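Read the structure below first, then the notes.
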């Protein structure tokens, strides 16, 4: 267990400078790819939010967002969320996101967006199942030639752009940690499902692009880090998932939940444009 946790706004060059070391430790990026102090300074001055999570007196992590316009609507875009390794596993990332929601609500906004790698299952579980985001936008190789953002050599920097409708009833239930009605997954069709290959590896099957069900599943890997010695398998799963998600997003489906377990699935649902739950 960690000690007493408090979350507050960060401000000024001295506090923002501490975020450089956190970025280095968490992501191991070269300085060229770090968000600099001057960006935090001007962004916070112009309506951005930089929130720090403190354990006792030690800065353990932060979340950073800035004003944005998405589909003609003012919102905040959350660009960075980092927790130092020794403080991970204690829910600090979740606390930072709920604090971010409270602050953005005070600004009179009702939407926060961010991007993340769809192959990162733990992030997917936090985003969809814990926080209640939805997604209907797949961004292929969005960040381009940035090796530190790739899952392996030559693997595109694909991202999902998620929407967090922070005033919605579903997100409010998540904030209050109310139990949601469980869904029987056994009967749901699958647009993507893995299989055990002859060499023992777990590979993606052929995508099913002919589903018309209102709700269905698409499998993804449980731990992409464990697959880093075999980038070809990562690339195969990424390509299959990209094909499925882009196909069904174009047909009015959205990701509305994530199932994390021995096998991991995105849950997609037919959703009219503009609807958030």
Using the Kirkwood radius over C-alpha pairs as Rh, can you work out the diffusion coefficient of the range 119-275 via Stokes-Einstein at 25 °C, viscosity 0.890 mPa s, in µm² per second? 150 µm²/s
Taking Cα atoms only, helix 92-106 is inclined relative to the longest principal axis of the chain by an angle, in degrees rounded to 10, of 70 degrees
Where both partners of a DSSP beta bridge lie in the range 90-232, what percent of those bridges are antiparallel, to the nearest 5? 90 percent
Between the Cα axis of helix 12-27 and the main Cα principal axis of the chain, the angle (0 to 90°, nearest 10) is 30 degrees
Once both labels are modelled 7 Å past Cα along the beta-carbon direction, what's the residue 57-residue 31 spacing in nm? 2.9 nm
Give me the orientation-averaged projected area of the Cα convex hull of the range 18-57, in nm², one decimal. 3.4 nm²
Report the full-extension gain for the segment residue 39 to residue 4: residue separation times 0.36 nm, less the Cα-Cα distance, to one decimal in nm. 9.6 nm
What is the range 57-176 by shape, rounded, prolate or oblate, if you read a ≥ b ≥ c off the alpha carbon gyration tensor as root eigenvalues and call it rounded for a/c under 1.5, prolate for a/b larger than b/c, and oblate otherwise? oblate
By its C-alpha gyration tensor, with a ≥ b ≥ c as the square roots of the eigenvalues, how is the range 1-135 shaped: rounded for a/c under 1.5, else prolate for a/b larger than b/c, else oblate? rounded
Would you mind checking the tilt of helix 231-249 against the longest principal axis of the Cα atoms of the chain, expressed as 0 to 90 degrees and rounded to 10? 90 degrees
Rounded to the nearest 5, what % of the DSSP beta bridges within the chain are antiparallel ones? 90 percent
When only alpha-carbon atoms are used, what values of Rg and Dmax, in angstrom, describe the chain? 19.0, 57
Using 0.36 nm per residue of separation minus the Cα-Cα distance, give me the extension gain between residue 196 and residue 71 in nm, one decimal. 40.8 nm
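Coordinate-derived values only; no laboratory data. Every value quoted in this text rests on a predicted model; they were computed, and no experiment measured them. Using ideal geometry, Cβ is built from the backbone for each residue, glycine included, and neighbour counts are taken over all protein chains shown.
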